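The values are calculated or read from the model by the stated rules, or taken from the named source; none is laboratory data. The shown structure was predicted, so the numbers you read here are calculated from the model rather than taken from an experiment. Glycine gets a Cβ as well: all are built from the backbone with ideal geometry, and neighbour counts include every protein chain shown.
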Amino acid sequence: MSDKNLVLASDGTSLKRSLARSLKRQKIRALLLIAPLLLFVLLTFIAPIADMLFRSVENSIVADTLPQTVKELASWDSDSGQLPSEAVYAALARDLKIAVKAKNHTKLGSRLNYQKTGTSSLFRQTGRKIKKLDFENTPSFKDAFEKMNKKWSDPAVWQTIQQFSNKYTDGYFLAAADLTRTSSGIEEVPEDQRIYYTLLLRTLSMSVTITFMCILLGYPVAFLLATLPLRSSNVLMILVLLPFWTSLLVRTSAWKVLLQNQGVINDFLVWIGIVADGNRLELINNVTGTVIAMTHILLPFMILPLFSVMKTIPPTYMRAAKSMGANDFTAFRRVYFPQSIPGIGAGSILVFILSIGYYITPEIVGGTKGVFISNRIAYHISSSLNWGLGAALGAILLVVVLALYWLYDKFVGIDNVKLG
Amino acid sequence: MKIKTIMLGTAAIAMSATATLAEDMTIVSWGGAYSASQLQAYDVPYSANTGVNIIHDESSSEAVAKLRAMNEAGNVTWDVVDVVAADAMRLCDEGLAEVIDHDTQLADAPDGTKATVDFGDLIVSECFIPQIVYSTTFGYRNDLVGATAPTSVCSVFDTAAYPGKRALQKSPLNNMEWALMCDGVAKSDVFDVLATDEGQSRAFAKLDTIKGDVIWWNAGADTPQLLADGEVIMGSAYNGRLFSLIVEQKQDVSMLWDAQVYDLDGWIIPTGLSDERKARALDYVKFATDTQRLADQSKYISYGPARASSAPLVDKHATLGIDMAPHMPTDPNNNKNTLLTNYSFWADYKDDIDAKFQAWLIK
């Protein structure tokens, strides 16, 4: 734009700049207004998640605990089949002496035990014995270590230390994908140890099943809620919300009572003679149990968005369609249903994403075949303390969910989602 | 007006919280009948003696993870924590539990025996203060097992003689040992065999024979419930839970003590406490693990006191008035065939075998 066309503001600066300045001021003000919330979300939500996910690659413990050993070991050729040199053993002795004082050696032992079974006790035992080692009068540290524990003369132990001496590792992610790194490259773990791939697939397929069940059961209920007169729909709404307000554990345990072998449903079926007493239905501790209980628990998350969308569809549309000759079904299929799709989308996303991360209900009613990958994440976080692997599994789950969300947006469009 | 009241109320609570902080102590345990027994035997007399107000937290099942998180956050809010021996070892390994000098920091037996001698080899970790011996054993429904009641742990693997569901813990611990013992491995060789890949496969092959008949449990209360409902004909459980099912709730269930696996439960003191809090925690633990207190606890629950000197003091149940000795896992009639959890083995092999166990479960 040329100078002569310039429009000036009252203070003599160009209008464009003045406008930009005032817009900028507005933006800063808006930012300041949301700053407390933004900070709160950053500090209490984003930062902890980022910190937890970071653990899936973080591995400074080996280099921090055994700094000299790692340095000496760098030049050792792990494929040679030879043991490392005396210098490495001497460095290990010095490192361990310091580590034992700080009580870090056992921590390192349990870290390396994830990679190589038996390392935990190796470090614990060696830690006890190294205190008595006389550094001045040890002719050969190699012999001294071998005397402490014969595992020190196993090259595989040294390979593990060398392999995990970097500050960052892909070991957790490999483990989460049922892979392992051997001297000949990345390989699948033996078949009897592969679990995560199966679990991930099962989690996804069961979540899809649960979502469909929720649509199937939730749609008619939401339709009734939206079309019944206010008085009766309010009662129905309370019936939908009541379980929503009941504790998750109570509802899950109730399903246990209903579904188990000697439970209410089986007793009833036997009583009316549909099922023989010796041939009761297996409704719990399997996939069926998980699908039933989780469908029930997540149903309100489908009904409520559906209801809020259906409420906005004017009843006159259906009447108009019928007046133009459509029968009930056609009117529903061509006029009502397409308008309710945003509700289905919103409900499905909610139910699917919630169910993918569920673990309490599957743990209680799922038996062995009805558990999710989140059950393993919970196990690694609270029981085995392998937080790195838990974080890697969590990261994978997060990426899968984001990818599915992206796919959904591409094919259905996130603008088609309406939460109310 | 209303908001003002709430704010004043909050301020008052906050102030009273800081005022009483000095006399509060948080003790973490397992909840249920077990915590109740500790309350009666330890906490009530301790509070009466010292005026310390004890706050109870029932988080022992996730104590290890929570302590680690607290330690990383630099804010340890627990003073004394009740954990199983394996967890105590892990906490000690991670530097999350204080090392205890058992002889100087714990009470001597009444006859002057030092604590290390009195507890003997139950001190499985330098951070661990033993409290009780419990066992994982089987209970069975008298009316559902047929004419001949099971006498051996191998009945669990005998679906021909004892058809029906059985409950086992969803964990490789104990199950692998029982499977090998019933596959013909001598008790003394079990852990040597289990350390090998072939041995593990052998145990899984044995478990395979009953896989379709097993309901896997997670929580200690599961098996008693399953037995009471008639969902299973037999199942493994902690002996104290079965005791309360049989004796207190009078269900038609019996104990199969054969091949019971002893395990230990006890106290640890978290690291990172202030000197004052640490001293108080030690004072509590010294009181709670003396000979009389440990014997007192067995009036309320059928777990064996960890001190040798407490055994002769085991008395009658506090409310039922029955003799507690015959219900103890250590009673001569019950301990004819026992196994002690091999802590160092499981510390090494748990991750590995558990991965295989989980893979086996979902197959």
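A few comments on the model shown:
- Test: residue in the stretch A:212-224 that is more than 30 Å from A:Pro342 (Cβ to Cβ) and among the small types (Gly, Ala, Ser): no
- Cβ pairs under 6 Å, 6+ apart, first in the stretch B:33-51 and farther than 13 Å from B:Lys286 by Cα, second in a helix (DSSP H, G or I): B:Ala33/B:Ser244; B:Ser37/B:Gln297; B:Ala41/B:Arg293; B:Ala41/B:Asp296; B:Ala41/B:Gln297
- Every residue from the stretch B:192-240 that is touching a residue at least 60 places away in the same chain (Cβ under 8 Å), more than 13 Å from every other protein chain (Cβ to nearest Cβ), part of a helix (DSSP H, G or I) and over 12 Å from B:Arg141 (Cα atoms): B:Asn239, B:Gly240
- Selection status of B:Ser135, assigned to a loop (DSSP other than H, G, I, E, B), polar (S, T, N, Q) and surrounded by 15 or more Cβ atoms within 10 Å (Cβ to Cβ): no
- Only one entry of B:Ala311, B:Ala295, B:Ala306, B:Ala288 meets the criterion of being buried (at least 20 other Cβ atoms within 10 Å of the Cβ), without any contact (Cβ under 8 Å) to a residue 40 or more places away in the chain and under 13 Å from B:Ile132 (Cβ atoms), and that entry is B:Ala295.
- Any hit, the stretch B:270-278, residues being among the hydrophobic types (A, V, I, L, M, F, W, C), over 30 Å from B:Glu72 (Cβ atoms) and more than 21 Å from the chain's Cα centre (by Cα): no
- Positions within the stretch B:62-102 being surrounded by fewer than 17 Cβ atoms within 10 Å (Cβ to Cβ), more than 25 Å from B:Gly220 (Cβ to Cβ) and at the interface with another protein chain (Cβ under 10 Å from one of its Cβ atoms), in sequence order: B:Glu72, B:Val99
- Residues in the stretch B:352-363 that are of a type in the set (Asp, Glu) and either surrounded by 22 or more Cβ atoms within 10 Å (Cβ to Cβ) or not assigned by TED's automatic domain parsing to the domain that holds B:Met176 (or both): 0 in all.
- The residues of the stretch B:160-191 that are among the aliphatic types (A, V, I, L, M), out of contact with any Pro (no Cβ under 9 Å at 6 or more places or on another chain) and either assigned to a helix (DSSP H, G or I) or more than 12 Å from chain A (Cβ to nearest Cβ) (or both), listed by number, are B:Ala160, B:Met176, B:Ala179, B:Leu180, B:Met181, B:Val185, B:Ala186, B:Val190.
- Residues located in the stretch A:369-407, provided they are touching a residue at least 60 places away in the same chain (Cβ under 8 Å) and surrounded by fewer than 18 Cβ atoms within 10 Å (Cβ to Cβ): A:Lys369, A:Leu398, A:Val400
Here is a yes/no grid of residues against (1) within 14 Å of another protein chain (Cβ to nearest Cβ); (2) in a helix (DSSP H, G or I); (3) among the basic types (Lys, Arg):
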site: A:Glu187; (1), (2), (3): no, no, no
site: A:Ser207; (1), (2), (3): no, yes, no
site: A:Phe212; (1), (2), (3): no, yes, no
site: A:Tyr219; (1), (2), (3): no, yes, no
site: A:Phe223; (1), (2), (3): no, yes, no
site: A:Leu241; (1), (2), (3): no, yes, no
site: A:Asn266; (1), (2), (3): yes, yes, no
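- Test result for B:Lys336, of a type in the set (Lys, Arg), more than 22 Å from B:Asp43 (Cα to Cα) and more than 10 Å from every other protein chain (Cβ to nearest Cβ): yes
- Filtered residues of the stretch A:350-367 (kept if part of a helix (DSSP H, G or I) and either within 14 Å of another protein chain (Cβ to nearest Cβ) or surrounded by fewer than 21 Cβ atoms within 10 Å (Cβ to Cβ) (or both)): A:Leu350, A:Ile353, A:Leu354, A:Ile360, A:Thr361, A:Pro362, A:Glu363, A:Ile364, A:Val365
- For the stretch B:261-281, the set of residues classified as surrounded by fewer than 19 Cβ atoms within 10 Å (Cβ to Cβ) and aliphatic (A, V, I, L, M) consists of B:Ala279 only.
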